[in-house]
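Please treat every number below as a calculation from the coordinates, not as lab data. The structure displayed is predicted, hence computed values, not measured ones. Cβ sites come from the backbone with ideal geometry, for glycine too, and all protein chains shown count toward neighbours.
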Amino acid sequence: MRASLLFLILALPLLPACQPDSADPAPAASTDAPYDVFGAAITPDDAVPVQSVAAAPADYAGRTVKLEGTVTAVCQMSGCWLTLDAGDGTGVRIVMPRQDGDYVFTVPKDIAGRTVVVQGTLEETTLDAATQAHLARDAGAEADEADFEATPELQITADAVLVKRT
């Protein structure tokens, strides 16, 4: 009895260390699924190619869309954004949602070149020079605000990101 009680007293403080670190991106999918799931659980069914959305953004603006594309860049600081290749030298930026100052979820930093399916709300926005310099630094480049000018951008705030496994 004393040995059991002593074991409980010694082991109980270690239990919080067994919890996963919520700041690390962790897929919610099982290991046999073709995608790792970040955010809400969705399927890739009915995803529209990112090129279609980029070609006619007014048709999708303000709506929830599900699109598929190839990742060209990922925030190397925290995985809080990624960009998808729209095929014409432009891209669509996917930003992860925030709640109470923290990201609801992030994505792995090593997914450039991978196929993803993203669901979220599309908006047409303009990035100022300071934001563009910040994003360039997040992507690992040296950047100065003077190197940029205000630029229109398509942006989706993601509810879910599926990353296709290799």
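Remarks
- Counting other Cβ atoms within 10 Å as a rough exposure proxy, the listed residues Arg63, Arg114 run Arg63, Arg114 from fewest neighbours to most.
- Region 34-164, relative contact order [Cα under 8 Å, separation at least 6], %: 33 percent
- Val37, Val118 arranged by Cβ crowding within 10 Å, fewest neighbours leading: Val37, Val118
- Fully extending the segment from Arg98 to Arg165, taken as 0.36 nm per residue of separation minus the present Cα-Cα distance, adds 21.6 nm.
- Remark: Cys80, Cys75 ranked as Cys80, Cys75, counting other beta-carbon atoms within 10 Å and listing the fewest first.
- Sites Ser78 and Val48, calculated FRET efficiency, Cβ-Cβ separation with R0 35 Å, nearest 0.05: 0.80
- Residue-wise HN-Hα coupling along region 50-65, computed from phi with Karplus coefficients 6.51, -1.76, 1.60 (Hz; x: Gly, Pro): 4, 4, 5, 5, 5, 6, 9, x, 4, 5, 10, 4, x, 10, 7, 10
- Seen from a random direction on average, the alpha-carbon convex hull of region 34-164 projects onto 7.8 square nanometres.
- Tensor-based shape of region 97-166 (alpha-carbon gyration tensor, a/c under 1.5 rounded, otherwise prolate or oblate): prolate
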